[in-house]
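The values are calculated or read from the model by the stated rules, or taken from the named source; none is laboratory data. Note that the structure is a prediction, hence the values are computed from the model and not measured. Neighbour counts are summed over all protein chains in view; Cβ atoms, including those assigned to glycine, are modelled from backbone coordinates with ideal geometry. For the accessible areas, the whole protein counts, side chains as well, though only heavy atoms, and no ligand, DNA or RNA atoms are used. Shrake-Rupley method; radii C 1.70, N 1.55, O 1.52, S 1.80 Å.
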Amino acid sequence: MTTEPVVGNPARPTGPPEFPVGPSELQALIDNTNAVIYMRDLDGRYMVVNHEYERLFHMRREEMIGLTDYDLFSTEIADEFRANDLRAVSSGGPVNVEEEAPGADGPHTYITVKFPLLDSAGKAYAVCGISTDITARKRTEEQVRRLNAELEQRVQELEASTRELDAFAYSVSHDLRAPLRSVHGFSQILLEDYDGKLDDDGRQCLQRIQSNVTRMGQLIDDLLRLSHVTRTGLKRELVDIGAQAHEIFDELRRAEPGRRVETVIADALVTTGDRLLIRLALENLLANAWKFTGKNDQAAICVGAVGPSDSQVFFVRDNGAGFDMRYAEKLFNPFQRLHPVSEFEGTGIGLAIVQRILSRHGGRIWAESEPGKGCTFFFTLTDIPDPRDGHA
Amino acid sequence: MHSKQILLVEDNPDDVMFTLRAFKQSNLVNEIVVAVDGEQALKILLPESAQRTVQPALVLLDLKLPKIDGLEVLRRIRADPRTESLPVVVLTTSSEEADIVRSYQLGANSFVRKPVVFSEFLHATSVLGSYWLLLNQAAP
């Protein structure tokens with residue numbers, strides 16, 4: 001803060017003004033506002049108008065004095081203005097009203113305060129009005145209303161297409177599975193009833209038909225699961241990722257008691273989201289890590305998080321088969337596989353499901369890997385900046 | 001003792017054939033009466049006048065049926081005093097959540113999805129037959 005005296009700022013006069021404030025000063029005062037200001041007598045005849053009034057209605061004040069609103073506006077508008085004037089008179093104090101008057105570009109809306117001038121006996125002898133143009137605000141409000149209505153329309157369209165998708169998923173489930181059952185069943189009948197007439201090659205063909213049909217059945221089910229993840233409602237609750245990971249590892253161990261896998265789960269892995277969907281995402285990620293470390297004698301899977309608690313990036317790291325980063329973007333496409341089925345089983349839907357779950361939460365998933373050196377899946381459940389962007 | 005009858009409500013002839021085969025392979029010798037749509041099923045179960053000629057101990061009910069769908073058949077079965085406690089197992093291709101919920105709301109005793117793999121289908125049929133026809137004690 002400066003202590004030097006301020007130059008060019010003369011001391012403020014302390015006494016009364018040296019000049020009287022008269023009608024022309026007051027007129028100057030009201031002429032320099034963009035509010036519309038006027039005074040009318042009890043018969044509605046104009047006594048005073050300001051410059052803004054003249055400008056808006058293209059009249060000089062000399063012409064206006066003595067006229068009423070009935071000379072200037074339609075009867076309907078003049079009636080309304082008159083009624084508002086009389087309300088102010090009868091209330092004895094200021095009233096706030098919204099009024100509409102024609103403008104160059106269509107009707108304008110004003111928010112107006114009207115108040116009576118009272119004589120010493122408290123009797124009104126004139127009405128003053130100060131009108132502020134709120135047309136821009138009104139039009140913005142109207143636009144917001146229109147946009148909301150459009151949005152509502154879009155939501156309804158979206159809901160309709162979701163219902164269509166539902167019907168489609170239903171029909172896929174029913175109509176595609178039924179013929180598959182027939183193909184599988186009749187192959188079985190051939191295998192059982194015509195065994196004597198088939199040689200080994202014939203039997204093998206039928207078995208391959210059956211295994212393909214089985215696989216197609218799985219693909220249809222996976223597709224339905226994926227669509228279910230997209231359609232199901234989303235809750236926001238506190239979710240303990242660490243506890244879920246413990247449970248999932250326990251289940252994986254029970255399913256394959258022969259496997260020795262070192263699992264590490266960091267402390268305090270808590271987030272907000274849909275408990276069931278997050279559990280499903282985690283199940284897929286951990287089952288993947290479990291599967292792709294299957295050929296490693298010293299398999300290890302680690303679940304953890306980096307970053308501050310409000311923008312945590314969770315990760316699942318394994319020392320399994322890994323993959324070539326050139327294909328990293330493809331990982332999350334439905335039915336995309338980076339390993340032959342003969343090496344690792346699966347339909348390729350798991351990571352697509354995980355990605356949908358995370359993106360429904362506003363989060364993201366990405367992976368880092370090298371073939372033979374394991375891989376790490378990073379994921380977020382909120383919309384936080386991609387840490388990779390900083391290095392790009 | 002007269003062996004218990006089963007009413008199979010199924011419009012897909014392949015599925016009818018597989019179900020009959022599965023019952024045979026499971027050594028369930030019960031007579032299976034087939035209705036190929038909902039209307040036929042109701043005519044058999046709830047004839048308007050005469051005595052019922054078929055009195056099944058179990059109904060295997062598909063949902064997607066011509067004319068009257070499976071859920072409507074189920075609703076009318078439960079609404080009639082003659083069949084209100086008849087065991088009805090929904091045996092269908094759908095595993096749509098809404099179908100499962102609705103079936104139980106309407107009083108289905110069980111909901112089973114037909115597996116694609118025949119050996120699993122056989123297993124399901126065999127379990128259903130032995131449970132509902134042998135083990136389960138039906139309402140008198």
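Miscellaneous remarks
- Computed with a 1.4 Å probe on the full set of protein chains, the accessible area for A:TYR110 sits at about 10 Å².
- Here the protein assembly as shown has 55 percent of its accessible surface on carbon and sulfur atoms, given a 1.4 Å probe and all protein chains in place.
- The residues of the stretch B:1-46 occluded by other protein chains by 30 Å² or more of accessible area, set against the chain on its own, are B:ASP14, B:MET17, B:PHE18, B:ARG21; surface from heavy atoms, 1.4 Å probe.
- Annotation: per residue accessible area for the stretch A:23-133 equals 55 Å², rounded to a whole number [probe 1.4 Å, protein chains only].
- When only Cα pairs below 8 angstrom with a gap of at least 6 residues are kept, the stretch A:23-133 shows a relative contact order of 26 percent.
- Comparing the stretch A:100-212 with the 2.2 N^0.38 Å rule of thumb, its C-alpha radius of gyration ratio is 2.95 (two decimals).
- For the protein assembly as shown, calculated [θ]222 nm from helices alone, where every DSSP H run of n ≥ 4 adds -39500 (n - 2.57): -13500 deg cm²/dmol
- Rounded D (µm²/s) - chain A, Kirkwood Rh over Cα pairs, Stokes-Einstein at 37 °C, 0.692 mPa s: 111
- Area hidden from solvent between A and B (accessible, protein heavy atoms only, 1.4 Å, total, Å²): 2000
- For the stretch A:174-323: Kirkwood Rh in Å [reciprocal of mean 1/r, alpha carbons]: 18.8
- Globularity ratio of the stretch A:233-392, using Cα Rg and 2.2 N^0.38 Å: 0.99
- Dividing the mean sequence gap of close Cα pairs (under 8 Å, 6+ apart) by how many residues the stretch A:211-319 holds gives a relative contact order of 26 percent.
- Phi angles across the stretch B:23-35 convert, under the Karplus curve 6.51 cos²θ - 1.76 cosθ + 1.60 with θ = phi - 60°, into 3J(HN,Hα) values of 4, 4, 5, 8, 6, 9, 9, 4, 6, 10, 9, 10, 10 Hz, Gly and Pro given as x.
- Solvent-accessible area per residue for chain B (1.4 angstrom probe, square angstrom): 50
- Going from the chain on its own to the full set of protein chains, the stretch B:118-136 has these residues losing 40 Å² or more of accessible surface (heavy atoms, 1.4 Å probe, no ligands, DNA or RNA): B:PHE118.
- When A:LYS373, B:LYS114, A:LYS197, A:LYS330 are compared by accessible surface with a 1.4 Å probe, the order from highest to lowest is A:LYS197, A:LYS373, A:LYS330, B:LYS114.
- Full extension of the chain between A:GLN153 and A:MET47 gives 33.0 nm of extra length, using 0.36 nm per residue less the Cα-Cα distance.
- With all protein chains modelled, accessible area of A:VAL264 [1.4 Å, Å²]: 70
- Excluding ligands, DNA and RNA, the accessible surface per residue across the stretch A:231-297 is 55 Å² with a 1.4 Å probe.
- Cα Rg over Rh - the stretch A:23-133, Kirkwood: 0.94
- Around A:ASN34: net Lys/Arg minus Asp/Glu count, Cβ-Cβ under 15 Å: -2
- Kyte-Doolittle mean at least 1.0 and Cα axial length at least 18 Å: DSSP H helices in chain A: none
- The rule of thumb for compact globular proteins, 2.2 N^0.38 Å, goes into the C-alpha radius of gyration of chain B 0.97 times.
- The alpha carbon centroids of the stretch A:286-347 and the stretch A:238-258 are separated by 16 Å.
- Residues losing 40 Å² or more accessible surface upon assembly, the stretch A:172-188, compared with the chain by itself, 1.4 Å: A:HIS174, A:ARG177, A:ARG181, A:SER182, A:HIS184, A:PHE186
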